[in-house]
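**Student:** First the structure, then my questions, so here it is.
The values are calculated or read from the model by the stated rules, or taken from the named source; none is laboratory data. None of these values were measured; they are calculated from a predicted model. Please note: Cβ atoms are built from the backbone with ideal geometry, for glycine as well, and neighbour counts cover all protein chains shown. Please note that ligands, DNA and RNA were not included when accessible areas were found on the heavy atoms of the full protein model with its side chains. Shrake-Rupley method; radii C 1.70, N 1.55, O 1.52, S 1.80 Å.
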Amino acid sequence: MTIYSDDLVRITHWASGLGACAFGVYDAVAGAGSDLHGLVMTYCGAVLAYTAGGFQDYLRRRDTRVVAHLAGNPGASLPQICAATGLHKDRVGSSLQRLAADGLVLSESGATAISRSYRLAR
């Protein structure tokens, strides 16, 4: 099983957010601090957990842009994909790694990621 860095961020957001919510509720109900402190912490934890889903949507949209470009331009290189999609090379590289691990994209010749070309798997 491969855990991608993007998935790790999502899991971390959920765990941290829900943990902060639980601590905030405890602090508001039974803590020695002020009720306001606990409620603010609960709110911040809920927002952190909620944003994890939005982050996943962003990754899906980013991957879709990369796949759409490769559908019309088989054999495109990393710089070409970046120029066409307007995404940073690190973001495109992350998408290509994830898509290749899932078997959707194949990399062809090239010693480095910059010189390598990519195409959709058939």
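**Student:** Tell me, what ³J(HN,Hα) does each residue in the range 98-108 have, in order and in whole Hz, if you take phi through Karplus 6.51 cos²θ - 1.76 cosθ + 1.60 with θ = phi - 60° and put x for Gly and Pro?
**Tutor:** 5, 5, 5, 5, 7, x, 8, 10, 10, 9, 10
**Student:** At 1.4 Å probe size, with the rest of the protein present, what percent of the exposed accessible area of the chain is carbon and sulfur atoms?
**Tutor:** Ligands and nucleic acids excluded, carbon and sulfur reach 62 percent.
**Student:** Same structure, new question: Taking amide H positions as placed 1.01 Å from N in the peptide plane, with prolines and chain starts having none, which residues 5 or more places from A76, or on another chain, fall under 5 Å of its amide H?
**Tutor:** Y118
**Student:** Would you mind getting the accessible area per residue of the chain, heavy atoms of the protein chains only, 1.4 Å probe, in Å²?
**Tutor:** 62
**Student:** With contacts defined as alpha carbon pairs under 8 Å and 6 or more residues apart, what's the relative contact order of the chain in percent?
**Tutor:** 20
**Student:** Compute the FRET efficiency between V40 and L8 as 1/(1 + (r/R0)^6), taking r as their Cβ-Cβ distance and R0 = 30 Å, and round to the nearest 0.05.
**Tutor:** Taking R0 as 30 Å, the efficiency between V40 and L8 is 0.65.
**Student:** Quick check: pseudo-label points 7 Å beyond the Cα along Cα→Cβ at R119 and R60, how many nm apart are they?
**Tutor:** My value for the distance between the label points is 2.9 nm.
**Student:** Counting Lys +1, Arg +1, Asp -1, Glu -1, what net charge surrounds C82 among other residues with beta carbon under 9 Å of its beta carbon?
**Tutor:** Taking every Cβ under 9 Å from that of C82, the sum is +2.
**Student:** Sticking with this structure for a sec: With Cα Rg over 2.2 N^0.38 Å in mind, check (1) 1.00; (2) 1.48; (3) 1.26 and report the label derived from this structure.
**Tutor:** Recomputing Cα Rg over 2.2 N^0.38 Å here gives the entry labelled (2).
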